[in-house]
Amino acid sequence: MKQNNYIGSLFEDDFLYRSIGSSIVSQPDVALTELVANAWDAGATDVNIIIPDRKGEYILIEDNGTGMTKEEFEHRWMKLSYNREKSQGRKVEFPQGVNSSRYAYGKNGVGRHGLLCFNQEYFLTTKKEGKSFECKVTTLVPEVPFAAMDYSEEACSRTEHGTSLKVMVNSNLPDVERIRNILASRFLHDPSFRISINKEVLPLDDLEGLMDKATLKVEETNISLDIWFVDTQKASRKSIYQGIAFWQDNRLVGEPSWFLGNEMILDGRTTMGKQYTVIVSTKDMSDFVKPDWSGFKKTKTVDKVYDKVANYVYDKIREISMDSIESTKQIVRQQFKEKLDKVSPVVLYEVNEAIEDIRTNNPTIRQDALFVAVDAIINLEKRKGGVDLLEKIARLDDADIEGLNQLLSKWTVKDALLVLNEIDRRLSIIEAIRKLSDDPNTDELHVLHPLIADARWLFGPEFDSSEYISNRQLQTVIKTILGNIIVRNDDINYKKRPDIVCLENYTISTTGTETFDESNTPAVTKILLVELKRGGFKITREERNQVSGYAEDLLNHFPNARITAYVVGKDMEKNLQSQKVGNNDEGVVYVMTFARLISGAERRLFGLRNKLSSMYDDVPGMELYRQTQLSIQ
């Protein structure tokens, strides 16, 4: 007879410790950094930490974030490997009355276990929506990884919110000064997020990673800038923010980025781009801040400020590079010791000169790229008799010789670079859409639509062709079809982008292909129509039917054409399906979310995004967008 019982899973005693990683339960700096990141993700503006000077006393961590209800505690805190991004999104929720914007650090749900670094159990109190919930969390209950005990719930003021954590230190007593420097290095970019340790807030001037502080006057203006140049390598893990952070009256303007206007100061994917942070503080630019504080207005004065800051950053990077030239030479000599032992003194001199020149003019060059350049210089001297090539071939085994033969029969160096650059551009586009499409504040006209309109391959390989052109006749017909629908008067250059039409809640782009009929007259034969909704928009049947109407009208003007149309938004109404158009199904309207669009694009790139994700994880969406636009130009 079939039984209805089940066999439950079993856990080793140290299952939780092994699953969350050794560093978070053994290194107090990592543990406390993760717990402060949790407060950041909870929308806190103040975090107070008390660290004792001996074991047997309590560490206390309090924040004024949103807090949790009992139900949220059970769903979030007590779930193994809780996926914060999937459940709550990347944007941080703030308590009522807090006007701010930030992205969350949390992804894999291990940060909350940081207190286990100090003891096998700890105490939690959290307040939200007029209720205070408290309990003891322990790993000492048999047969479960961890459990909440002795919990209680009582009423509190509806204005109270936040979470308090308390743990008795039995092991891994933190070093207070080290914790100060690590936490400041990681979170200092946002002045609205204040951390105090033992009732003392660490000023920027005392930060261990501070490399330089300067005050700059912007010529022909009354603007004064205080600048801090910080080495954040002492932080215990990488930050989701990098680059130059602007503060106006101690409030963050926009998000830190290595872009100033349209100029990229550093590539955020490089080691140097991830290592340094620049903070610019002023009280003189309030008239230039956008109303939503998402950035500065585009003016000549702001351009002068950007130029001043850029020159300062370039000078500091050159100084850093010059200081490291000798160590770079030593690394190169070690890397090419065997080759350099056989060359003449003239070649040695040229190698040293090349290193100085490369590091001075390209201070952010990656070490592997520098090795390639040096290797090329050495080989140029030896290539006269082809000795170096013979030496390389002689050292290759049979498999390498066969692989080299296949490679050289199919690829040149230029071919390989072209392919790799295109892969990088396409992966950057996917990551930019992923990071920007969920944000309702993203400007779909100037950011999302140009990004997508310049990447027709997102909709399928058949559209990845130079045959698709911006057809003037097609654009005229589209504007005729729209008729009396209000077109937004945005600052887009319609002469440069005639394929984009901007309306109240969406934008439309159209491209097509032309062939010549028997009378040698060009005729539109294929049309790609993309209607892109604003960030956060949900697609319903009304929106799909509207695009179907556009497609039908286009068929009336171009009876020999086939139309493929897409409506793209953040979400879509349940059971919403694609729709065929025309008497003989000459067209079809597809409805899809940004997530589905990205998923399809990733499959076309053979899953490379997952294999190379670390290259893009720490680069903000707007910075990726700007990099893709630079590659197009």
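The values are calculated or read from the model by the stated rules, or taken from the named source; none is laboratory data. What you see is a predicted model, and the numbers here were worked out from it, not measured in a lab. Counting neighbours? That spans all protein chains shown, and the Cβs are built from the backbone with ideal geometry, glycine included.
Cβ separations smaller than 6 Å between residues 6+ apart or across chains give the following pairs from segment 112-130 residues that are hydroxyl-bearing (Ser, Thr, Tyr) to residues that are crowded, with 22+ Cβ neighbours inside 10 Å and in a strand (DSSP E or B): TYR122/VAL137; TYR122/VAL167; THR126/PHE133; THR126/THR163.
Conditions (1) at pLDDT 90 or above; (2) assigned to a loop (DSSP other than H, G, I, E, B); (3) of a type outside the set (A, V, I, L, M), marked per residue:
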position	(1), (2), (3)
VAL30	no, no, no
GLU34	no, no, yes
THR66	yes, yes, yes
SER87	no, no, yes
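Select from segment 173-183 the residues that are touching a Lys or Arg at 6+ places or on another chain (Cβ under 9 Å) and surrounded by fewer than 21 Cβ atoms within 10 Å (Cβ to Cβ) and write down the one among them that is farthest from ASP46 (Cα to Cα). Among those residues, the one meeting the criterion is LEU173. With respect to the conditions (1) outside the structural domain of GLY89 (by TED's automatic domain parsing); (2) touching a residue at least 24 places away in the same chain (Cβ under 8 Å), LYS217 lacks only one, and its number is (2).
The number of residues in segment 287-328 being touching a strand residue (DSSP E or B) at 6+ places or on another chain (Cβ under 8 Å), loosely packed, with under 15 Cβ neighbours inside 10 Å and at pLDDT 90 or above comes to 1.
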